[in-house]
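Structure, as structure tokens:
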Amino acid sequence: MEFINEFMPLIMFTAVFALLLLGFPVAFTIGGVSLAFGLYGFGPGFFQLLPLRIWGTMTKFTLLAVPLFIYMGVMLERSGLAEELLEAMALVFGKIRGGLAVSVIFVGALMGASTGIVGATVVTMGLLSVPTMLKSGYNKSLTTGTVAASGTLGQIIPPSIVLVLLGDIMNVPVGDLFVGAVIPGLILVSLYMLYILIIARIKPEWAPPIDQEVLDNITRKELLTMVFKALIPPLTLMIAVLGSIFAGIASPTEAASVGAIGATCLAIAHRRFNFQMVKAVMDMTTKLTCMVFIILVGATTLGLVFRGLGGDALVRELIASLPFGKWGVLLIVMSIIFIAGFFLDFIEITFIHVPVLAPIMISMGVDPLWLAVLIAVNLQTSFLTPPFGFSLFYLKGVTPPEIATTDIYKGIIPFVIIQIIGIAIICLIPETVTCLL
């Protein structure tokens, strides 16, 4: 019995993971299993401590940025911003092989920096760019891989919801996380574009240039006007949100409110603002926010029980007993998060795995800011890795019938490899995170 009690935290953790894989709802699985083990471990007195812990978590001012950034992203997705931007960038890069795919990455990065919501970006980019790329003669796998990968850039390019959540969990200032994630985000964008240009050179039939006749139908002045009109709105919003944080004028939460107002103004400017749109935006914002916070409540309960049963000490002892140094332990931690991404959503990993694994690394002298950005990049791959990569599901839902699921799976493999390379670069060159601070 004593042996079972010693490993009770790992039994609880295994039970949560197994039930999630069986398809039980995330929030109720985490919360329900935690309540059962908490009652077993602490008795009825556990229910006196739990409400105070949940109240302390839910009243954190930093977390107010989550619904505000969600509102900003959903409002921008409905404003028609991506459509204009993609059309303009396609003409700018249209003369080179792979130019259309490069424009998709470029627009995905800007949309990610403007919205931070992967689902909205992937669906929007899938609806707009997949038919155009297929009509232009692009390979199906390259098309789907490019769109799926570009949509996930909002995970790492600030403002990002996952950075807000990681900052709260790991006690790292969210403003510093936003600054630290800028260069890693640009590294991923550059690697994506480089891959497309290389594959377009090796296999030119996969990524042909845009028909010259289309380019001849627009003058240089008209093109500059299109680019100017398409770029100014998202750049202005990025400067308003990120600039106010980087300059120390506003906290991330205050900047999120600026972004929400800015997104509303852009929707008005694009003449998309009406009662039906506001109702739809508020409905989606409420659903997504409730999803995040109900999982947060369950994860708070899990963390309380896990630590109360001595789980953090047990995991620390197990990892400390491994014959590896700091870098070996980091490799194990990042591998655990990467593998979990095949089966779990980034929010689940953030609330379940990170509170357990991150303190161990920090206790070994790892910079928590650098570690948080590394984890954020790693979590980005969870959207692309089958069988439960959400970007793959989002994209499949909006692609034409001729696109098979195997085309999407084949397409994302090079981009997952690129993200692993990006993680390696950030590991080997920590200054990519810290140089702007």
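Work out the length of the dipole vector of the chain about its Cα centre, built from +1 on the beta-carbon of each Lys and Arg and -1 on the beta-carbon of each Asp and Glu, and round it to the nearest 20 debye. Numbers along the way, then the final one.
Details: 21 positive and 23 negative charges, 107 e Å.
Dipole size: approximately 520 debye.
Find how much the distance from Leu235 to Gln48 grows on full extension, using 0.36 nm per residue of separation minus their present alpha carbon separation; answer in nm with one decimal. List each step's numbers first, then the result.
Values: separation 187, 0.36 × 187 = 67.32 nm, distance 4.89 nm.
So the chain would gain 62.4 nm between Leu235 and Gln48.
Looking at Cys265, Gly311, Leu223, which one has the Cα that reaches farthest to the positive end of the dipole of the range 223-321 (charges on Cβ: Lys, Arg +1; Asp, Glu -1)?
Leu223
Order of Thr350, Thr399 from fewest to most other C-beta atoms within 10 Å? Don't skip to the answer; put the middle values down first.
Details: Thr350 27, Thr399 22.
Ranking Thr350, Thr399 by Cβ neighbours within 10 Å, fewest first, gives Thr399, Thr350.
Have a look at Gly389, Gln419, Ser335 and report the one farthest towards the positive end of the charge dipole of the range 300-437, computed about the Cα centre with Cβ charges (Lys/Arg +1, Asp/Glu -1).
The residue sitting most towards the positive pole is Ser335.
Pulled fully out, how much extra length does the chain show between Ala15 and Leu194, if you take 0.36 nm times their separation in residues and subtract their Cα-Cα distance?
On the way: separation 179, 0.36 × 179 = 64.44 nm, distance 4.28 nm.
Roughly 60.2 nm would be gained on extension.
Choose one of Val92, Met291, Phe106: the residue whose Cα lies farthest towards the positive end of the charge dipole of the chain (beta-carbon charges +1 Lys, Arg; -1 Asp, Glu; about the Cα centre).
Most positive-ward Cα: Val92.
Please compute the length gained on full extension between Leu436 and Lys203, using 0.36 nm multiplied by the number of residues separating them and subtracting their Cα-Cα distance. Display every interim value, and only then the final one.
On the way: separation 233, 0.36 × 233 = 83.88 nm, distance 3.80 nm.
Here the segment from Leu436 to Lys203 would lengthen by 80.1 nm.
With a ≥ b ≥ c the root eigenvalues of the C-alpha gyration tensor of the range 290-383, is it rounded (a/c under 1.5), prolate (a/b larger than b/c) or oblate?
Values: a/c = 1.91, a/b = 1.23, b/c = 1.56.
Here the range 290-383 falls in the oblate category.
For the range 144-218, just list the percent of Cα-Cα distances falling in each 5 Å bin from zero outward, please.
Spelled out bin by bin, the range 144-218 gives 3, 14, 17, 15, 14, 12, 9, 7, 5, 3, 1, 0 percent.
Under a point-charge model restricted to the Cβ atoms of Lys and Arg (+1) and Asp and Glu (-1), what is the dipole moment magnitude of the range 228-320 relative to its Cα centre, in debye to the nearest 20? Can you show the working numbers first?
Working: 7 positive and 4 negative charges, 87 e Å.
Computed about the Cα centre, the dipole is about 420 debye.
Once the Cα atoms of helix 275-308 and of the chain are each reduced to a long axis, what angle between those two axes, in degrees from 0 to 90 to the nearest 10, is obtained?
30
Kindly express, to the nearest 10 degrees and within the range 0 to 90, the angle between helix 252-269's C-alpha long axis and the longest C-alpha principal axis of the chain.
The two axes meet at around 30 degrees.
Restricting attention to the range 340-437, which chymotrypsin sites (Phe, Trp or Tyr not before Pro) occupy a DSSP loop and are surrounded by at most 16 other Cβ atoms within 10 Å?
Details: sites: Phe342, Phe343, Phe346, Phe351, Trp370, Phe383, Phe388, Phe390, Phe393, Tyr394, Tyr409, Phe415; in loops: Phe342, Phe343, Phe388.
In loop regions of the range 340-437 (DSSP not H, G, I, E or B), the sparsely surrounded chymotrypsin sites (Phe, Trp or Tyr not before Pro) are Phe342, Phe343, Phe388.
Could you work out the helix-only [θ] at 222 nm for the chain, with each DSSP H run of four or more residues adding -39,500 (n - 2.57) and the total divided by the number of residues, to the nearest 500 deg cm²/dmol? Let's see the in-between values first.
Values: 24 runs with 327 residues, N = 437.
Calculated from helices alone, the mean residue ellipticity at 222 nm is -24000 deg cm²/dmol.
In degrees between 0 and 90, to the nearest 10, how far off the longest principal axis of the chain does helix 65-77 point, with axes built from Cα atoms?
That works out to roughly 20 degrees.
With r as the distance between the Cβ atoms of Ile218 and Trp327 and R0 = 41 Å, compute the FRET efficiency 1/(1 + (r/R0)^6) and round to 0.05. Don't skip to the answer; put the middle values down first.
On the way: r = 53 Å, r/R0 = 1.28.
Rounded to the nearest 0.05, the efficiency is 0.20.
Separation between the Lys135 and Leu39 pseudo-spin-labels, each 7 Å from Cα along Cα→Cβ, expressed in nm?
6.0
Taking 8 Å as the Cα distance limit and 6 or more residues as the minimum spacing, I'd like the relative contact order of the range 361-431 as a percentage. Each step should come with its number before you reach the end.
Working: 32 pairs, mean separation 24.5, N = 71.
After rounding, I find 34 percent.
Stokes-Einstein at 37 °C, 0.692 mPa s, Kirkwood radius from Cα pairs: D for the chain in µm² s⁻¹?
Estimated diffusion coefficient is 145 µm²/s.
Quick one: which of 197-208, 123-134 comes out on top by average Cβ neighbours within 10 Å, and what's the full order, highest first? List each step's numbers first, then the result.
Working: 197-208: 15.8, 123-134: 20.8.
Top to bottom by mean Cβ count within 10 Å: 123-134, 197-208.
Calculate the all-directions average of the projected area of the range 192-323's alpha-carbon convex hull, and give it in nm². Present the calculation step by step, with values, prior to reporting the outcome.
Working: hull surface 68.0 nm².
Result: 17.0 nm².
Read-outs throughout are calculated quantities, based only on the coordinates presented, and are distinct from any laboratory measurement. The shown structure was predicted, so the numbers you read here are calculated from the model rather than taken from an experiment. With ideal geometry, Cβ positions are generated from the backbone for all residues, glycine too; neighbour counts draw on all protein chains shown.
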